[in-house]
Each structure stands twice: as structure tokens, then as C-alpha cells.
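The values are calculated or read from the model by the stated rules, or taken from the named source; none is laboratory data. Not measured: the values here are computed from a predicted model. Because the Cβ atoms are built from the backbone with ideal geometry, glycine has one as well, and the counts that use them run over all protein chains shown.
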Amino acid sequence: MNPDYSAHALKTIPRYWVWLGALALAAAVALAYTNSFAVPFVFDDTDSILKNNSLHDWRTVLFPPSAGGETVGGRPLLNISLALNYAISGTNVWSYHLFNLLIHLAAGLALFGLVRRALAGKAAGWSGRDAFWCALAAAAIWLLHPLQTESVTYIVQRAESLMAMWYLLTLYCFSRIADLPTPARHDLPLASINPKSAIRNPQSLWLAASVLSCALGMATKEVMVSAPVLVLLYDRAFVAGSFRETFRARWKFYAVLASTWLVLAACLLASGSRGGTVGAGSPVAWWVGAITQCKAILVYLKLVFWPSPLVFDYGMFFIMSPLPVLPHIIAVTLLAASTLYAIFRWPRAGIFGALFFAVLAPTSSVIPVLTQTMAEHRMYLPLAALVVPVVAACHWFARRRSPAMLAAAGVAACAVALTLGVLTYRRNQVYQNELSLWTDTAQKAPQNWRAQSTAGIHLIDAKRHAEGIARCLEAARLNPDYAPAWCYAGAGLLRTGRFAEAVPCLEKAATLMREHQRDHPPAAQPQRGAPDIADLDHLDNVYLFLAMALHEQGRDADARAALAAGVAFNPENAYCLNNLANSDYAAGDYTAAETHYRRAITVAPEFVEAHEGLAGALEQLGRNAEARAQYEHALRLAPTSAHAHYYYARLLARLGDTDAARAHAREALRLQPDYQKAAEILKTLNAP
């Protein structure tokens, strides 16, 4: 092999073409994703970013949480990148999206350089001009394809794009040795690199950079595991020409490259089974995951060539029998067998199939992922394994026909890239808020009960109650054991005054959550304010909502029992404690009411309603001085509380402080002009 062939071919185009090509790619990507910078945190972003305390302290950033199946679990480099964003902008999303876009662009530029060098090498034999245009078209289509949006716009799926960037850089850095002078010995130990030896042997620097990129990728995501094998296949196909020459020339390099698997092993040990969501210990047999993925792979292939419909969350499903997907199994088996044959018969073609299957294999075969059976972000890097050979084949065919055909192919490539860029921009519009994202998902994946339920909660929050309740009830029908669906349906019914319908939904939710939490007890979370529908992932708040519905039906004894159960589950739920105290007050048990009000205040010292309630209980117990102090404290906390002013005026009137009582009654009416009780007491106070 002539070591100067690739360098000569690459030099047949001006250097500034490469820079202009890179700038064109950057501009195109920026335009396609210009509407992504305000996309909020969604789905797994909550646990991996908003609730991830390891991001707040550099001493803990190398130990991301994994017990709950967080995306960052066992991926320290991903966690570090998110910690950098947190240091820059806190929970403001702009820096996270900027990093995601820069990572995506860096991966695309690495692909651009890798394809250009591979095609211009002696093995492929393309001219520098042809290699440039083909690589530019492939990189543009890959960068602008809407299938990539999930890995770029969905913040935490940076895991996929960051891993892919290191994967491509591992291959790119290795590809640089093909156009460098061959040293007397190819297998200089990487550990012995120093500036002087690097000058004499620049190959060693690129090989070291390849190893470093590979190690960083291993610390980013597990699917990096196949990178050393792909480097070997690339070496054999585009550089050395045979496995024998590959090992003879660079066996020490491959020994060091293989050692990066130790980094991956350490990360896997740290994450365990990611909270039981992945791994051999999961309750789903490996073969069930494998046959399910046969269908998934064909869906992915279809989306490459026709990217519609794109679905944010396909849900959790497994195909338990091979018969329904037998055609899919046969098709994928033939594709895999063809790839294996091509690796040995046509290595330059086989490497693309190897890349496709090698990247998908970890989560698409023997290691089932329970929480997401299918996910479009898994196609981020495998997309390159399809785009590059298709673009190269089209360019090769057009070049052989005529210059006019080649020009037409170039125009077609621009049109395809432009169309894909527009589709990406439109796809990013769906991500603008969680309501649009989840309603879009529920419409496209109607059997996904998680999507139906999540769409329901956001519809209810948007006061589109009828639609939201219908979505939640549909989720409950699809999966009767899914507690959140019953929770949110009950909350929506409660909001719309359909109390009789809300009660059975909330009771079902409480039963399911109680059974689940008996086996998986969560840590109690302090609840200091009025819970909203979004807080219904905690059993105590479900009891609180149930108590509200029961109270509205006049079932006060049952309502009190529900509140007591909520307090028993979480003694730090201040709102539950306050409502339990209100129940005691209404029943005339002022001593019990005082106890529960004080417990609520201990949990939430600024809980105004609890101070008002405690003042009322103390007043009923005849401890007027203490009651007066509590009213005054409540008014210091909330001087605009019309209720506090009214009740304080009532106490002052009873104590004979008429002027002060009149002043507070007037203030209550000023704050709430239709406050009938305040008007009545003021009328009484003004009477001669």
C-alpha cells in the first residue's frame, strides 16, 4: 500500500473547501434547531437533571444516581457534561440545548472527515473532489435528519449523541494514520509517547487520540462497547487490507484500545442493573427482548427512508410469541447474515452493516430495556451506517453515467437535506411544551398507556378537563394496574365537581400504590403546600384528594379516615395534617385539632392556614391570648389574607377591642369586597 496515496487524493481539493463545507454544515444545523433552545425539561430529564443532586457538587459528579433507572446512571462523563450546564445556567435550559447542538455538530463533522478520508484512501480509490462532495452530502443528511431530534432536542438523550461523537472521533483519529508517513515500526507502545517521539512518529499521537476518545465514550454510554471492533474492521477494510496485516502492524495499539473495556466494566459495576430497568436480572427473558427488537429494527429502517410518524415514547411492550413477528425475524436474520458474509467477502460494504448492528445490539438483543422497548434515539449513530452507503452508491452511479447526472445527484442531495431540515424544524415544534409533546405521542401511539396518562395530566393542567379525563381513563383501561392513570383521572373528576366518579378512581389508585409501596417503600417527602395534580405520585397526596372528594359527598368520617391514612404514610405532609386538623375542628375535638395544627406548623412554619386554624382552635379552648398571638403571626405572614383579618376581627370584638376589630373587618372587606361575614360583623360593630 502506498502510504502517500490518501494524502495525495485529499490534497486534490483546496483546503478552504473543507472549512467552507464545515461552516455550511454548522449553519444548516443551527437553522434546523434554532427553535429548540426553549424546549423545557421533559420525561427522564426530571430524574436525571432536576432531581440529580450529584450535579450540584463536583465531589459527587463522578457518582451519578442509578437506583431509579436514571439515564445518567453508570455514565459519569454524561453526568459531568450536565454538571457543566448546571454550573453555567442552573435549571435554565438554554445552555443544555447549546451543548447538545454543539455535540451533534461535532459528531457530524467527525463523520464528514471520516467518510472523506475513507473514500479518498487507496482502498476506495475515489478522487479528493468526489470524496469531499459525497462526505458533505452524507454528513448533511445525517445531521439534518428528523430521526436525530430525540437525541438532540431531548436534553438527557445527549447520552446517545455524546457517545456517538466519541465513537466517530475514535474512528476519525484512527483514519488519520492512513495519510501519514509509515514509521519503521507501527506498534510503538502508546504509553511511551512523548513530544519528541510524537514529532518523529505523528501516527502515535493520532492512535493515542483514538484510544482516549474510546475511553471517554466508554464512560458515556454502554453501547460504545463495539468501538474497538469497528476500528479493527475499518483498519482491515480501508487501511491495512487484511486482518493479518492489521494485527502485525498494530497489535499493541489494539491491546491498549481493548483495555478501554475496563472503563466500561467499572461503569457497569457502579450502575448495577440501573434500578432493575435493564440487564440480565430483569424479569423479561432475553429471547423475548430479541424478537421484540426484530420488529423495532424494521420500524427504525422505515423511519430512515420515511421519517413519519416520529414517536417520542413507544411505551413498554414485549412480544411474547415469535409467530406474530416471524416475517420480521426472518428479515432481520437475513440482514444480519448478509452483514456477516459481507464483512469477510466485501469488507468495505460489510463495515456499515457491522456498525448498524453493533450499536443497536446492546439494547436490541440480549439486554432488554424494560422502560423503553423502542426508542428513536438508539438510531442516532446507526443512521450513519445507512445514510453513508446510500449516498456513496448514488454518487458512484451518477458519476459513472455522466457529468449531468452527477450534477443532478448533487441537486437531489441538496433537496433531500433541505427537506429533512424543514422536517426537523417542524418536529422541534412538537417539543415546545409537554402538552404538545405528549398529546402528539398519545395520538401516534394510542396503545401506550403511559403516553395516554401523561397527556391526560397535561390536558387537565391546561383546564381541558374532558379531554384529559378521557385520556387517563383510556390509560387505565389499557393497563388497569397503572396507578397514575387512576390518580389523574380521579383528580380531573374532582376538579370538575364529579365527586361520585372521582372517589372510586382515587380509591383504586390508593390501593395500587399501597400494594406497590409495601414492597418498595419510598422515602417520605415533606409536603408543605397545597398539592397539585403533579404531586399525585405520592400516596399521601392521593389520600388527600380522596378525602376532598369524600367530604364533598358528605362522607366526613370516611374523609377523616383517608386523611389519617395519609398522615400515617407521611407524617410530614403539612397540608394533610392541616386538613386532618380541620376535620377535628369541625367535629368539635379542638384538642386534637390543636395537636395536628401544631404538627403542620412544625413541618411548614409559614403555613398561614395552619396558623389561622390553630388560632381558631385555641379560641375555642378559651386560650384567647395564645389565639391572638397566632392571628397576629398569620397576618405578618400574609397581610393580604381577608380570612385572617375577619377571624381576628371576630376575636377582638369578643375581647371588647372594638376599634381594632372594626379596622380588621374593614381591611377584610377592602381585600374581598363580597366577603359577607366581614360585612355583617362590621355592621354589628358600627351599630350604636
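Being at pLDDT below 95 and surrounded by 21 or more Cβ atoms within 10 Å (Cβ to Cβ) is true for just one of L360, L381, L406. Which residue is that? Spell out the reasoning first.
Details: L381 fails: at pLDDT below 95; L406 fails: surrounded by 21 or more Cβ atoms within 10 Å (Cβ to Cβ).
Residue meeting the stated conditions: L360.
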Y341 passes all but one of (1) hydroxyl-bearing (S, T, Y); (2) over 23 Å from K295 (Cβ atoms); (3) assigned to a loop (DSSP other than H, G, I, E, B); which number fails? (3)
The residue from V152, V72 that alone is within 30 Å of R450 (Cβ to Cβ) and in contact with a Phe, Trp or Tyr (Cβ under 8 Å, 6 or more places away or on another chain) is V152
Output the residues belonging to the range 81-97 that are of a type in the set (A, V, I, L, M) and more than 16 Å from the chain's Cα centre (by Cα). L84, A87, I88
What are the residues in the range 607-649 that are in a loop (DSSP other than H, G, I, E, B), over 22 Å from L580 (Cα atoms) and among the polar types (S, T, N, Q), if any? T640
Cβ-Cβ distance below 7 Å, separation of 6 or more or different chains: which pairs start in the range 237-264 with a residue that is within 20 Å of G217 (Cβ to Cβ) and end on one that is part of a loop (DSSP other than H, G, I, E, B) and modelled with pLDDT of 95 or more? V263/A219
I'd like the full set of residues that are more than 22 Å from L635 (Cβ to Cβ), buried (at least 23 other Cβ atoms within 10 Å of the Cβ) and of a type outside the set (S, T, N, Q), limited to the range 572-595. C576, L580
Which numbered condition N85 fails, given (1) crowded, with 19+ Cβ neighbours inside 10 Å; (2) at pLDDT 95 or above; (3) in a loop (DSSP other than H, G, I, E, B); (4) of a type in the set (S, T, N, Q): (3)
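Check the range 389-400 and report whether any residue there is within 30 Å of V93 (Cβ to Cβ), surrounded by fewer than 21 Cβ atoms within 10 Å (Cβ to Cβ) and touching a helix residue (DSSP H, G or I) at 6+ places or on another chain (Cβ under 9 Å). Please lay out each step first, then the result.
Quick first cut of the range 389-400, residues within 30 Å of V93 (Cβ to Cβ) only: none.
Scanning the range 389-400 turns up no residue that is within 30 Å of V93 (Cβ to Cβ), surrounded by fewer than 21 Cβ atoms within 10 Å (Cβ to Cβ) and touching a helix residue (DSSP H, G or I) at 6+ places or on another chain (Cβ under 9 Å).
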If you take just the helices (runs of 4 or more DSSP H) that sit entirely in the range 179-286, which of them hold at least 3 residues that are at pLDDT 80 or above? 202-218, 227-234, 243-258, 261-271
Filtered residues of the range 14-36 (kept if assigned to a helix (DSSP H, G or I) and in contact with a His (Cβ under 9 Å, 6 or more places away or on another chain)): V29
Could you list, in sequence order, the residues of the range 655-688 that are surrounded by fewer than 16 Cβ atoms within 10 Å (Cβ to Cβ), in a helix (DSSP H, G or I) and modelled with pLDDT under 90? K683, T684, N686
Top-ranked residue of the range 596-606 - restricted to ones that are in a helix (DSSP H, G or I) and of a type outside the set (F, W, Y), ranked as nearest to A564 (Cα to Cα): H596
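Can you pull out every residue in the range 333-351 that is of a type in the set (K, R) and surrounded by fewer than 17 Cβ atoms within 10 Å (Cβ to Cβ)?
Step one: filter the range 333-351 for residues of a type in the set (K, R), giving 345, 348.
Selection gives R345 alone.
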Taking the range 44-97 and keeping only residues that are touching a residue at least 24 places away in the same chain (Cβ under 8 Å) and on the phi > 0 side of the Ramachandran plot, one is left with G69, G74
Just one of (1) more than 21 Å from D540 (Cα to Cα); (2) of a type in the set (S, T, N, Q); (3) more than 27 Å from the chain's Cα centre (by Cα) trips up N479, so point out which. (3)
Scan the range 591-617 for residues that are of a type in the set (D, E) and over 37 Å from the mean Cα position of the chain (by Cα) and jot them down. E594, E609, E612
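Given the criterion among the small types (G, A, S) and closer than 30 Å to P309 by Cα, identify the matching residue among A120, A107, A131, A124. Reasoning before the result, please.
Numbers: A120 fails: closer than 30 Å to P309 by Cα; A131 fails: closer than 30 Å to P309 by Cα; A124 fails: closer than 30 Å to P309 by Cα.
Checking each option against the conditions leaves just A107.
For A629, are the conditions met, namely being within 30 Å of G656 (Cβ to Cβ) and without any contact (Cβ under 8 Å) to a residue 60 or more places away in the chain?
Numbers: within 30 Å of G656 (Cβ to Cβ): yes; without any contact (Cβ under 8 Å) to a residue 60 or more places away in the chain: yes.
The answer is yes for A629.
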Output the qualifying pairs, or none if there are none: Cβ atoms under 8 angstrom, residues six or more apart or on different chains, first residue in the range 560-578 and in contact (Cβ under 8 Å) with a residue 40 or more places away in the chain and within 18 Å of E594 (Cβ to Cβ), second residue assigned to a helix (DSSP H, G or I) and among the aromatic types (F, W, Y). C576/Y543
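Run down A466, A455, A489, A485 and say which single residue is surrounded by fewer than 19 Cβ atoms within 10 Å (Cβ to Cβ) and in the same structural domain as D540 (by TED's automatic domain parsing).
Numbers: A455 fails: surrounded by fewer than 19 Cβ atoms within 10 Å (Cβ to Cβ); A489 fails: surrounded by fewer than 19 Cβ atoms within 10 Å (Cβ to Cβ); A485 fails: surrounded by fewer than 19 Cβ atoms within 10 Å (Cβ to Cβ).
Being surrounded by fewer than 19 Cβ atoms within 10 Å (Cβ to Cβ) and in the same structural domain as D540 (by TED's automatic domain parsing) holds for just one of A466, A455, A489, A485, which is A466.
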Looking for whichever is on the phi > 0 side of the Ramachandran plot and either hydroxyl-bearing (S, T, Y) or not assigned by TED's automatic domain parsing to the domain that holds Y543 (or both) here; the options are G656, G588. Which one fits? G656
